[in-house]
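The values are calculated or read from the model by the stated rules, or taken from the named source; none is laboratory data. Note that the coordinates shown come from a computational prediction; the quantities given were computed from them, not determined experimentally. Using ideal geometry, Cβ is built from the backbone for each residue, glycine included, and neighbour counts are taken over all protein chains shown. In case anyone asks, the SASA skips ligands and DNA or RNA and just uses the protein heavy atoms, side chains included. Shrake-Rupley method; radii C 1.70, N 1.55, O 1.52, S 1.80 Å.
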Amino acid sequence: ETGVTQTPRHLVMGMTNKKSLKCEQHLGHNAMYWYKQSAKKPLELMFVYNFKEQTENNSVPSRFSPECPNSSHLFLHLHTLQPEDSALYLCASSQVGTGGRNSPLHFGNGTRLTVT
Amino acid sequence: GEDVEQSLFLSVREGDSSVINCTYTDSSSTYLYWYKQEPGAGLQLLTYIFSNMDMKQDQRLTVLLNKKDKHLSLRIADTQTGDSAIYFCAESKGPGGGADGLTFGKGTHLIIQP
């Protein structure tokens, strides 16, 4: 098993569909992240979960809804998306230590989302 | 300007050294990272440096940090075709590398000429 696994690898959905992206980490980390990677733009941090609590929501539209049922699993629920939401969605995990010391982020291979 | 800036493209000949540069704005950054992304894949951590260091070497990779100028570089010695990828510079927000994710540059496409 690779460290961080994302499914599906590719997803095509219409604007009225509801779908979910899944991420699972096998590294024993306690923090998980969703990033959005669009062409010609820096990676954008969307959500952070630390010990299953959401600690960051970077002004992400409500059509993106994260869920973190435990420290190993992270979901991104999608509904009523727009074509401009087409991008590579990357999941990452890290170990947050005491005193704010963090291990580096480990990324999955991403889900390539196309909204038609 | 952007919080983390990189050139978008770098072209080098196979066997030469590649030097990828990055500048950042947050003086409180405590960790600086280099990630590599190959086509169709996620980001792979290459190396990172703590802000109280000015150099780190790991096999063919050398990271140099000029904290005064907020400038980070990644040197790849003896560049090979397998090094062709996008290289991202990233810095941690806030002190101590907190749990609020990293800020990335747009990435530098490293192109290897035969």
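If I filter the range B:24-50 down to residues being assigned to a strand (DSSP E or B) and open to solvent by 60 Å² or more (accessible area, probe 1.4 Å), which single residue comes out as farthest from the other protein chains (Cβ to nearest Cβ)?
So in the range B:24-50, the residues assigned to a strand (DSSP E or B) come out as B:24, B:31-37, B:43-50.
Okay, now just the ones that are also open to solvent by 60 Å² or more (accessible area, probe 1.4 Å), so B:44, B:48.
Working: B:GLN44: 7, B:TYR48: 6 Å.
Per the stated criteria, the residue is B:GLN44.
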Any hit, the range B:54-71, residues being surrounded by 14 or more Cβ atoms within 10 Å (Cβ to Cβ) and touching a residue at least 60 places away in the same chain (Cβ under 8 Å): no
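So, in the range A:62-71, exactly how many residues are outside any strand (DSSP E or B) and either at pLDDT 95 or above or open to solvent by 50 Å² or more (accessible area, probe 1.4 Å) (or both)?
Of the residues in the range A:62-71, 2 are outside any strand (DSSP E or B) and either at pLDDT 95 or above or open to solvent by 50 Å² or more (accessible area, probe 1.4 Å) (or both).
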Residues being modelled with pLDDT under 95 and open to solvent by 10 Å² or more (accessible area, probe 1.4 Å) - total across the range A:84-98: 5
The range A:72-96 residues that are under 19 Å from A:GLY3 (Cβ atoms), paired with ones that are of a type in the set (D, E, K, R) (beta carbon under 7 Å, 6 or more apart): A:SER72/A:GLU24; A:HIS73/A:GLU24; A:PHE75/A:LYS22; A:PHE75/A:GLU67; A:LEU88/A:ARG112; A:TYR89/A:LYS36
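Counting just the residues of the range A:28-53 that are open to solvent by 60 Å² or more (accessible area, probe 1.4 Å) and in contact with a strand residue (DSSP E or B) (Cβ under 6 Å, 6 or more places away or on another chain), which one comes out farthest from the other protein chains (Cβ to nearest Cβ)?
The qualifying residue farthest from the other protein chains (Cβ to nearest Cβ) is A:LYS52.
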Count - residues of the range A:72-116 that are within 17 Å of A:HIS10 (Cβ to Cβ) and part of a loop (DSSP other than H, G, I, E, B): 6
